[in-house]
Every structure is written in structure tokens, then in C-alpha cells.
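Visitor: Quick one: the structure is below, questions incoming.
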Amino acid sequence: MKRVDAVIYGIELVIGSIAMACIAALVFATVIARYVLNKGILWADEVVVNLFVLLVMMGGALCFRFRKHTEMTLVLNVLPRAGRLALRSAIQVVVLIFLLVFTYSGVMLMKNSAGLTTSILRIPMTYVYGILPLGGILMLYEFGKDTAVRIREDFSSVKKTL
């Protein structure tokens with residue numbers, strides 16, 4: 001399981017890094033082309049927008065991995081242990097439902113876009129919209145892994161107090 005986890009982490013990191021590098025290179029090239037040639041690179045905007053969505057999906061999954069998403073720590077810290085566990089559980093359920101709906105909606109969007117292409121490069125929209133369920137699946141994986149760790153931490157802290 002650790003090997004699979006390491007591969008998934010590598011995929012998230014490599015795809016996110018490549019997307020960021022390509023975005024930086026394309027934006028830089030477009031700016032230079034506008035000033036030097038007085039013409040922008042028309043297709044670069046289309047690619048940058050789609051790469052940015054890919055970057056956000058990989059970043060969202062990595063944020064779950066490293067617990068960098070926003071938490072309600074101010075509220076959680078003032079609650080007693082039972083209230084803290086109840087609120088954290090409710091938050092986990094809401095996030096799980098959101099990720100499931102997000103992933104399902106991405107699959108439906110991908111399915112309904114069959115035959116459509118982007119305006120300039122004619123990339124099938126199925127590929128473009130496929131970024132959403134891919135990100136959803138990776139975020140669900142990281143969320144599930146983090147939830148299992150949190151449950152173990154919460155139950156071990158409860159056992160220590162008993």
C-alpha cells in the first residue's frame with residue numbers, strides 16, 4: 001500500500017509541477033511575443049486555462065495529503081472533546097459528500113461533452129472535462145487516507161483519557 005501511495009503522490013507532484021512550469025513558460029512567451037512581435041500566441045490562453053484547472057486539481061489533492069486545507073480550528077479548540085469529535089465528524093461527512101458530488105458531476109460533464117472540442121486547438125472537451133473527475137478521485141483518495149488517520153488519532157486520544 002505504501003508503494004501505491006508513493007506512486008499516487010509522485011503522479012500528483014509531477015503533473016502539478018509540469019502544469020505549473022508549462023503555465024509559466026507559456027505566459028512568459030506570450031508576454032514576450034506581444035511586446036516583440038506585437039502579436040500574442042492565441043492558442044496559449046486556451047492551454048493555460050486548462051493547465052490551471054489541472055494544477056488546481058493536483059494542488060487540491062496535495063493539500064489533503066499535507067492537511068493544508070482550511071480548518072475551523074478556532075471553533076474546534078474551544079469545544080469540549082465530545083463537541084470537537086462531533087463537529088469534526090460532521091465536517092468530514094460534508095466534505096465527503098461534496099467530493100462525491102463533485103466527482104460525479106465531473107463524470108457527467110465529461111460524458112455530456114462527447115463530440116465537442118476547444119475553439120482553437122480542437123482538443124476534445126472530454127479530455128478537458130476529464131480533469132475534474134481525475135482531481136475528484138485523487139482528492140477522495142487523499143481525503144479517505146487523511147480521514148482514517150484522523151479517526152485513529154481521535155480514538156487513541158479518547159483511550160488515553162479513559
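We did not get these values from a lab; they are worked out from the coordinates using the rules stated. In this text, all values refer to a predicted model and were calculated from it rather than measured experimentally.
Visitor: Using alpha carbon coordinates only, what is the Rg to Rh ratio of segment 10-61, with Rh defined as the Kirkwood radius?
Guide: On the Cα set of segment 10-61, Rg over Rh gives 1.09.
Visitor: Let me see the P(r) profile for segment 98-143: every Cα-Cα distance counted, bins of 10 Å, each bin given as a percent of all pairs.
Guide: 31, 45, 21, 3
Visitor: Tell me, rounded to the nearest percent, the portion of alpha carbon pairs in segment 29-95 spaced more than 17 Å apart.
Guide: Above the 17 Å cut-off, segment 29-95 has 64 percent of its Cα pairs.
Visitor: Continuing with this model, one more query. How tilted is helix 125-161 with respect to the longest principal axis of the chain? Cα atoms for both, answer in degrees (0 to 90, nearest 10).
Guide: Roughly 20 degrees, rounded to the nearest 10.
Visitor: Another question, then. From Cα coordinates alone, what are the radius of gyration and Dmax values for segment 66-162 in angstrom?
Guide: 18.8, 64
Visitor: With everything on Cα atoms, drop me the angle between helix 81-112 and the longest principal axis of the chain, reported from 0 to 90° to the nearest 10.
Guide: Approximately 30 degrees, to the nearest 10.
Visitor: Normalised by the number of residues in segment 1-122, what is the relative contact order in percent for Cα pairs under 8 Å and 6+ residues apart?
Guide: 25 percent
Visitor: Can you tell me the Rg and Dmax of segment 1-115, counting just the alpha carbons, in angstroms?
Guide: Every Cα atom of segment 1-115 included, Rg and Dmax give 20.0, 65 Å.
Visitor: Oh, and also: Give the long-range amide H neighbours of residue 117: residues separated by 5 or more places, or on another chain, with amide H under 5 Å away, using H modelled in the peptide plane at 1.01 Å from N.
Guide: Those lying under 5 Å, H to H, from residue 117 are 125.
Visitor: Say we join alpha carbon atoms closer than 10 Å with springs in a Gaussian network model of the chain; which of 11, 23, 137 then has the biggest fluctuation?
Guide: Of 11, 23, 137, the most mobile in the Gaussian network model is 11.
Visitor: Helix 42-65 versus the longest principal axis of the chain: what is the Cα-based angle in degrees, 0 to 90, to the nearest 10?
Guide: Value to nearest ten degrees: 10.
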